[in-house]
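Input: a single structure, listed below in structure tokens.
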Amino acid sequence: MGNGRVALVTGASRGIGRAIALGLARRGFDLALNDIDRQAEALEAVAAEAHSAGIRAIPYHADVSSKAAVQAMVARILHDFGTIHAVVNNAGILRASDVENCPEDYWDSVMDVNAKGTFLVTQAVLPAMKAKGYGRICNIASIGGKHGAPEQAHYSASKAAVMGFTRVLAQEVGPLGITANCVCPGIILTDMGRVNLDDPAIRGAWQAKTAMARIGDPEDVAGPVAFFCSDDSAFVTGQTLNVDGGIVLD
Ligand SMILES: NC(=O)c1ccc[n+]([C@@H]2O[C@H](COP(=O)([O-])OP(=O)(O)OC[C@H]3O[C@@H](n4cnc5c(N)ncnc54)[C@H](O)[C@@H]3O)[C@@H](O)[C@H]2O)c1
């Protein structure tokens, strides 16, 4: 059963984005599902799975780091659904390298997708949210943007950028009835997470550092994101919530 709300989830074909999308579907959101062209088949499969929750789900292929592609995608979503109530900026990439050897294009591409993509998608949806006097923006940052780990300085910088962006965005859009918050996943078992987890020694070390003594599943992130997309979080904005089983203890 639908709840009358429409959510856009970027990078929704797999991993955390897929789990967030299906979590929102279970809560009755209609879904605009985004990913890049080469994920078309996987994105279709997520849309089909979401349909079984009795909601509408439409895939949209666009690279979130391209302003033209993002603007065109949001125009199509507004045409198809009429409005957008919630956005989850989840699309992200990680390309590991130490600082000394980091190729310039690693820095540029990680910043382009993680930081600029969040900015471009947010910018594109704001007019529709402003017109309604309602919006929920949930940006997926990372505990890597607070603490970080070797070979991820550029990734950490991109996620710190997302958090800074969100804090100021919250101040700009608060008077318009729009909230903006960040979720910071910890170590989650996805294609991206495997960079940290393929080596059993590294995996064990992360587990030992985690209060819950386990690695996270994508589904662990879905509930907190759904909270930020709902009316239960109506008076919560500009916040960053660690969803890490207790690694970074604020
Ligand atoms: N897995 C972890 O441990 C972890 C920890 C902290 C934060 N995160 C963050 O969570 C988010 C999801 O990560 P994940 O682990 O599911 O990774 P993943 O690689 O499994 O999924 C990322 C998705 O984003 C899509 N994507 C990449 N570039 C894109 C672009 N330019 N435009 C549109 N879509 C694009 C990919 O195709 C993929 O479907 C990312 O922002 C990531 O930085 C992940």
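Quick notes on this structure:
- Heavy atoms of Glu151 accessible to a 1.4 Å probe, total area in Å² rounded to 10: 100 Å²
- ³J(HN,Hα) computed for each position of segment 33-43 - Karplus, 6.51 cos²θ - 1.76 cosθ + 1.60, integer Hz, glycine/proline x: 9, 10, 6, 6, 3, 5, 9, 3, 5, 5, 5
- Scalar couplings 3J(HN,Hα) for segment 79-90, obtained by applying the Karplus form with A = 6.51, B = -1.76, C = 1.60 to θ = phi - 60°, are 5, 6, 10, x, 6, 9, 8, 9, 10, 10, 7, 10 Hz; x denotes Gly and Pro.
- GNM top mover of Ser158, Ser109, Ser13 - the chain, alpha-carbon springs below 10 Å: Ser109
- Sequence-distant residues sharing a close amide H with Asn3 (under 5 Å, placed H): Phe29, Asp30
- Sequence-separation-based contact order of segment 6-243, relative, with Cα cut under 8 Å and 6+ spacing, percent: 20 percent
- Part-to-part distance (alpha-carbon centres) for segment 87-144 and segment 1-16, which is given in Å: 17 Å
- Probe 1.4 Å, all protein chains present, accessible-area order of Met111, Met212, Met192, Met129, largest first: Met212, Met192, Met111, Met129
- Rounded to whole Hz, the Karplus (6.51, -1.76, 1.60) HN-Hα couplings of segment 162-172, x for glycine and proline: 4, 5, x, 4, 5, 4, 6, 3, 4, 5, 5
- Charge dipole (segment 6-243, unit charges on Cβ, about Cα centre) - positive-most of Leu78, Ile178, Phe165: Ile178
- Seen against the Cα atoms of the chain and their longest principal axis, helix 117-132 is set at about 30 degrees.
- Here the scattering of segment 6-243 is modelled by Debye summation over its C-alpha atoms, one equal scatterer each and no solvent; at q = 0.11 Å⁻¹ the log10 of I(q)/I(0) is -0.52.
- Cα centroid of segment 200-228 to Cα centroid of segment 26-68, whole Å: 25 Å
- Amide hydrogen proximity for Ala180: with H placed 1.01 Å from N in the peptide plane, the residues at 5 or more positions away or on another chain lying under 5 Å are Ile137, Gly238.
- Rolling a 1.4 Å probe over the protein heavy atoms gives the chain an accessible area of 44 Å² per residue.
- Charged-residue dipole, Cβ positions (Lys, Arg, Asp, Glu), segment 6-243 about Cα centre, Debye nearest 20: 680 debye
- Using a probe radius of 1.4 angstrom, the carbon and sulfur fraction of the accessible surface of the chain is 54%.
- Contact order relative to length of segment 1-97, as percent, for alpha carbon pairs under 8 angstrom and 6 or more apart: 34 percent
The values are calculated or read from the model by the stated rules, or taken from the named source; none is laboratory data. Here the structure is a predicted model, which is why all the values come from computation and not from measurement. Because the Cβ atoms are built from the backbone with ideal geometry, glycine has one as well, and the counts that use them run over all protein chains shown. Ligands, DNA and RNA are excluded from the accessible area calculation, which covers all protein heavy atoms including side chains. Shrake-Rupley method; radii C 1.70, N 1.55, O 1.52, S 1.80 Å.
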